[in-house]
Amino acid sequence: MMLTLIAVFILLIATNVYFLWGQPRLRRRSLLTAIPLLYSEVRSELETAEGRLAEALVNGLGARDTRDARFALAWVRARLGEFDRSKYADALTALGAVERDDTVTTDLRLWLLAKQGRHDEVLALAGRAGVRLSPTVQNRTLQAVAFENRAVELWNSRDADGAVRSLDQARRLRTEPMIGGPDLVEVLIEDGLRTLATGDHGRAERSFAQALERAREDSVQRIEARLGLFAVRWLGTDRAALLPLLKDEFEALRARRDLRGAGRDDTGALRATVGWWYLTALLDDWRRRLTPGEPLPLTERELFLAAVRVVTEADSEQGDVPMMHGLIEYGFAEDAPGRGRAVALLQHSTRLAKGVILPEIRELTGAAMPEHPGWTRPPAERPAPWPGFPRPDDAPLDDVLVRLAALRQNFPELTEVLADIGRRLRDARSGLNRPAGQNGSDTRGSR
């Protein structure tokens, strides 16, 4: 009897030792052998660790060991994501089963969301009340990247204000953001130009003002922002009053080129654009101030030609400015050679890389319209001349006389008329060739 009791007692002790110590140790063996492999750089060892952790969870562990095993499984799958990106999602799933909310778990969750490009969830997690994140450079960078991606999405949806706010938040999180200061200014300038074109002058003014405030001193972006603000004023007030200021802006760009030298000229395209703006403003000012039919004042002509030279130097392939120059010369030409030079300018404007393809210009120069589906043919009749501009002769006078001479047989009365015209032409030509100082009274008297 005593032996039986002793045997039962020993059996109870052995059973308790097995269930309380032996079996948990056997179940934890997979967990314990996986731990040393978690920081390996070898893919096969990480995959081995993943398998052992999954086995440990299936075998059954205590509450604490289960929590540790799930976190370790999420960690090793996150490491395997470097070889297979689908593992990031598996890691996040495993982490979702971890019943703890400490900084280590939250840091890993933030990193996994960022690795999957779920930037909105990164910001939501970081902004959630009570969430504990380690104040590391990595966590700040992950949030900054998320803000920058949000800024791009807002910009693509044309929410420039939201994009700027997101970029500001990103800049506060790290010293070297993905989208730097110049890029932010470029976003603001581009938004100002776009909203100016759509007629939203208030928003355009805000964007240009913010760009001017953020742009680096003496940078091209600062000039662009200032010109953007000037364009808002130009479209909203009396342009005649602003013309001197526009001239000042144009002269400032020319002076910048002279100061920096040709090798460091950084405003060529901008100078050409502002110059075109200034030239068209000059033409509009002439239309308001000058009387049709009157000669163009010499000072106005010199002002125009000086601007043409600056713009042509800045962009020699722009056709609009040579076209304007040619039209001015054509309109005020006093003889056939003058009109010939004007036509040459107009023809030149059609042959540049950014040449003019207006049918009116091609018809005026006598050039045939090329066959192109996007171009229209010139009108059948010559367009009406500009008010106050002399119209060129349709044909030289000598050609007219030849045509009239051919009609003398049918119209005998033309013979005397033609003879009289011939005498007058000879007298006029001899008067032009007479030496200086000799008057032409004899010529006039012979008529």
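Overview of values
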item	result
Dipole in debye (nearest 20) - region 292-340, about Cα centre, beta carbon charges: Lys, Arg +1; Asp, Glu -1	60 debye
Computed lengthening from THR237 to SER44, 0.36 nm per intervening residue step minus Cα-Cα distance	62.2 nm
Linear extension gain, THR93 paired with ARG226, 0.36 nm per residue minus alpha-carbon span	42.6 nm
In order through region 261-275: 3J(HN,Hα) via Karplus (6.51 cos²θ - 1.76 cosθ + 1.60), integer Hz, x for Gly, Pro	x, 4, x, 10, 6, 10, 10, x, 5, 5, 5, 5, 5, 5, x
Computed label-point distance, nm, for sites ARG64 and VAL137 using a 7 Å Cα→Cβ extension	3.6 nm
Length released on extending from SER219 to THR312, taking residue separation times 0.36 nm less the Cα-Cα span	31.1 nm
Prolate/oblate/rounded label for region 213-259 (Cα gyration tensor, a/c 1.5)	oblate
Theoretical FRET efficiency, 1/(1+(r/R0)^6), r = Cβ-Cβ of LEU296 and THR198, R0 56 Å, to 0.05	0.90
Highest-first arrangement of 323-330, 234-241, 78-85, 345-352, where packing means the average Cβ count within 10 Å	323-330, 345-352, 78-85, 234-241
In order through region 138-151: 3J(HN,Hα) via Karplus (6.51 cos²θ - 1.76 cosθ + 1.60), integer Hz, x for Gly, Pro	4, 5, 5, 5, 4, 5, 5, 4, 5, 5, 5, 5, 5, 4
Enclosed volume per residue, in Å³, of the convex hull spanned by Cα atoms of region 199-296	113 Å³
J(HN,Hα) series, region 277-284, from Karplus relation 6.51 cos²θ - 1.76 cosθ + 1.60, nearest Hz, glycine and proline x	4, 5, 5, 5, 5, 4, 4, 5
Region 166-239 and region 305-353: distance between their alpha carbon centers, rounded to Å	35 Å
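Where a number appears in this text, it was derived from the coordinates with a stated rule and is not lab data. Because the structure is predicted, anything quoted here is derived from the model rather than measured. Cβ coordinates were reconstructed from backbone atoms using ideal geometry, including for glycine residues, and neighbour counts include every protein chain displayed.
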